[in-house]
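Here's the structure, in structure tokens; my notes come after.
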Amino acid sequence: MTADTLATASTRPTRLAADSAIVADSLLNICRPQIKRSVDDYSTCIGEGLAALSSAGNIALATGTLDRIIHSDPSLILLGHPLAHALGYAVRSTPATATALLSECDDRYQSGCYHGLLQRYFDARMGMPIAQSVLVAPCDGLRGTREQFRLFDCLHGTGHGLMMYHRYDANAALRDCDRLLSDWDQRSCYSGVFMENNMGARMQFFGEGKYGMHRHATPADGVVLFNPKDLRYPCDAIPDRYRHECYELQADLILPATKQDYGKAAAICDQAGAAELVKVCYVGLGRNASGAAAFQYAGILKRCDRASEFGRPYCYKGAVRHLAYAPNELPRGIAFCRSLPEGEGRAQCWDGIGLQVSGFFTDLPSRARACESDHPGDFAACEEGAGVKASGASGVRELPHL
């Protein structure tokens with residue numbers, strides 16, 4: 001581990017991203033025979049090939065190769081995020097090089113490259129104290145730029161990494177998140193902590209593939225990730241300050257526990273307590289609906305329509321935030337909102353678009369332009385979500401991204 005904290009991948013790629021088509025064809029030829037054994041073996045083979053590229057600093061080439069592979073074999077689309085995690089985790093970095101290497105990642109595949117790289121950065125320091133300078137080094141280099149979206153992903157990835165460092169002790173990881181300087185930084189980190197908790201729980205309790213939940217630390221003795229008798233755990237067992245981000249991701253555990261029954265999952269969200277916690281639980285349900293439907297609108301609506309009347313609009317809101325996860329995906333999210341009938345569901349959908357926009361752009365004029373619509377109600381809801389005008393809402397607002 002000590003050697004890993006001192007070693008780093010090259011910050012100057014040695015191969016062009018334009019080589020991705022040739023590399024993808026070669027990797028598929030090598031790995032396709034593995035599918036006869038299992039999808040896990042097939043995806044592991046691909047992941048190891050991508051990791052070999054990124055570990056040498058050729059991160060853009062590895063990501064481009066993943067693009068080509070999924071284009072050639074669309075059955076792998078739902079494994080895009082864990083495969084991007086894998087190529088990020090293969091990259092060794094130091095406080096001096098982490099920001100430069102992170103800048104080679106991008107938001108494709110729900111930013112898995114960022115998350116994996118930061119997991120490795122903190123995992124390599126397990127058992128050593130984390131100085132404040134080490135904690136903030138990867139993300140501080142992204143401040144003061146237009147890369148607000150990358151800053152969130154970096155802070156969120158820090159939460160993932162801290163969970164690995166603390167061997168899934170969420171309370172210890174959250175305390176380290178609290179060492180970050182602003183409330184927004186801290187909450188961005190909390191979201192990574194709870195996402196990593198859920199990934200570990202799904203690996204441990206639901207057998208979601210040795211590769212789908214790859215290269216994660218082993219939970220420490222006594223750490224409880226999941227309680228099958230209380231599907232609101234750990235959200236109902238932590239201080240109030242952390243519950244918003246926890247419930248926003250709790251559907252990741254509720255759905256496999258209910259065998260993907262969105263009606264049963266909705267009933268558990270309805271028991272979250274305070275109205276704001278019920279709402280964000282449904283936001284997480286919507287994010288899962290979008291993923292399970294492979295971004296198809298009909299599949300999203302089928303799942304969200306199992307929600308209660310109160311929760312359904314927030315399910316749409318979570319779905320659109322997944323559809324429009326990155327700036328280049330905004331048109332896909334906007335098209336979904338426009339497909340909805342007038343009412344609270346459509347308004348919450350546009351509010352979700354606004355929340356995403358607030359993370360893409362730091363200045364209010366750019367946010368207003370991104371919200372432009374020929375429908376006044378849509379525009380107003382988007383502006384409110386983007387923080388262009390006062391909301392009048394109380395309590396904690398969601399972070400820009402999931």
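Any read-out appearing in this document is the output of simple, stated calculations on the displayed coordinates, not a laboratory observation. The structure displayed is predicted, hence computed values, not measured ones.
For the chain, the longest principal axis of the alpha carbon atoms and the long axis of helix 240-249 meet at an angle near 80°.
Straight Cα distances below 29 angstrom link LYS229 to the lysines LYS210, LYS259, LYS264, LYS279, LYS302, LYS317, with same-chain residues fewer than 8 positions distant left out.
Computed from Cα atoms, the angle from the helix 376-386 axis to the main principal axis of the chain rounds to 50 degrees.
Expressed as a fraction of 2.2 N^0.38 Å, the C-alpha radius of gyration for the range 148-201 is 0.99. Using just the Cα positions, wrap the range 241-318 in a convex hull and report its mean projected area in square nanometres, one decimal place. Mean orientational projected area (the range 241-318, Cα hull): 4.4 nm². Out of all Cα-Cα pairs in the range 255-402, roughly what percent, to the nearest whole number, are more than 27 Å apart? That fraction is 16 percent.
Taking the three principal axes of the alpha carbon atoms in the range 92-148, the coordinate ranges are 32, 25, 15 Å, sorted in descending order. When the P(r) is computed for the chain, the part past 38 Å accounts for 15% of the Cα-Cα pairs. A straight line joining the Cα centroids of the range 1-59 and the range 104-168 runs 21 Å.
Using a/c under 1.5 as the rounded threshold, could you call the range 60-218 rounded, prolate or oblate? The axes a ≥ b ≥ c are square roots of the C-alpha gyration tensor eigenvalues, and prolate needs a/b larger than b/c, oblate otherwise. It comes out oblate by the Cα gyration axes. Each stretch of four or more DSSP H residues adds -39500 (n - 2.57); spread over every residue of the chain, this sum gives -19000 deg cm²/dmol at 222 nm.
With respect to the chain, whose longest principal axis is taken over its alpha-carbon atoms, helix 80-89 is tilted by about 50°. Taking Cα pairs under 8 Å and at least six residues apart, what relative contact order does the chain come out at, in percent? Once divided by the residue count of the chain, the mean separation gives 10 percent.
Let me have the relative contact order for the range 193-341, percent, based on Cα pairs under 8 Å that are six or more residues apart. After rounding, I find 17 percent.
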